[in-house]
Amino acid sequence: RVEDMLEKARKSMGDTPFFQYDALNNNCQKFILGILKANIPLLSKDTVDFIYQPIEELVKGLPEYVKKIASFATDTGAKVQELIEGGKNKK
């Protein structure tokens, strides 16, 4: 079941990396890898390399304000969702 797969990933990753998105440090690539690693322990290097394409070089060339805007946008989105749904992340 999908619910079991996600719960296994949450336990493996921990709540903070599972629930808190960050465009630069905890992005969708890391989330997908966390789900797969928790549920398919023997991923091939080619699969990991395909999913996780490091953005460190790209980030190094960005002005500091771009990182701040990205963080502000995702944090604001999370707060708006919290207000709409009436609370913190629900399990």
Looking at segment 74-89, which of the residues that are free of Cβ contacts under 8 Å to residues at least 12 places away in the same chain and under 21 Å from Ile32 (Cα atoms) is least open to solvent (accessible area, probe 1.4 Å)? Gly77
Within segment 14-31, does at least one residue satisfy the condition of being without any contact (Cβ under 8 Å) to a residue 60 or more places away in the chain and more than 12 Å from the chain's Cα centre (by Cα)? no
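Looking only at segment 55-66, which residues are in a helix (DSSP H, G or I) and within 16 Å of the chain's Cα centre (by Cα)? So that I can check it myself, show each step before the final result.
Filtering segment 55-66 down to residues in a helix (DSSP H, G or I) leaves 56-60, 64-66.
Correct list: Glu56 only.
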Please find, within segment 11-54, the residue that is surrounded by the fewest Cβ atoms within 10 Å (Cβ to Cβ) out of those that are among the acidic types (Asp, Glu) and part of a helix (DSSP H, G or I). Asp46
Pairs where the first residue, in segment 32-43, is within 14 Å of Val2 (Cβ to Cβ) and the second is surrounded by 16 or more Cβ atoms within 10 Å (Cβ to Cβ) and among the basic types (Lys, Arg), C-beta under 9 Å, 6+ apart: Ala38/Arg10
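The values are calculated or read from the model by the stated rules, or taken from the named source; none is laboratory data. On a predicted model such as this, the values are computed, not experimentally measured, just so you know. Neighbour counts run over all protein chains shown; Cβ positions are idealised from the backbone, glycine included. Just the protein is used for accessible areas: all its heavy atoms, side chains included, with ligands, DNA and RNA removed. Shrake-Rupley method; radii C 1.70, N 1.55, O 1.52, S 1.80 Å.
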